[in-house]
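Below is the structure I would like to discuss, written out as structure tokens.
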Amino acid sequence: MYLFINKLITQFQSDSFPEILCSAMILFLSIYKILYFVRIYDSCNEVITILQAIIIDLIPFGVLCITLIFSLSKIYQVLHMGVNDPQGFYK
């Protein structure tokens, strides 16, 4: 409800960083709570166990991808700094 009401009030404004973090945390906690209640059913226990194993195995891959994205963006910024450097400080 908070996310829906917040978007209705601020639909034409840009979100600040704390609002984005709050929204992400609310979405994560709501999905986590749904999975918590789904564990009651015996037929869904296997799916949740498999999802948990897959997510734990994907954490190193996600960290590697984020690291590569940051490093490649930094390389791109350094290589193209001459375009945005009229005084030539970064030569």
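Any read-out appearing in this document is the output of simple, stated calculations on the displayed coordinates, not a laboratory observation. Just so you know, these numbers come straight off a predicted model, no measurement behind them. Counting neighbours? That spans all protein chains shown, and the Cβs are built from the backbone with ideal geometry, glycine included.
So, residue 43, is that one of a type in the set (S, T, N, Q) and under 29 Å from residue 1 (Cα atoms) or not?
Here the answer is no, as residue 43 does not meet what is asked.
Quick one: would you say residue 63 is without any contact (Cβ under 8 Å) to a residue 12 or more places away in the chain and in contact with a helix residue (DSSP H, G or I) (Cβ under 8 Å, 6 or more places away or on another chain)?
The answer is no for residue 63.
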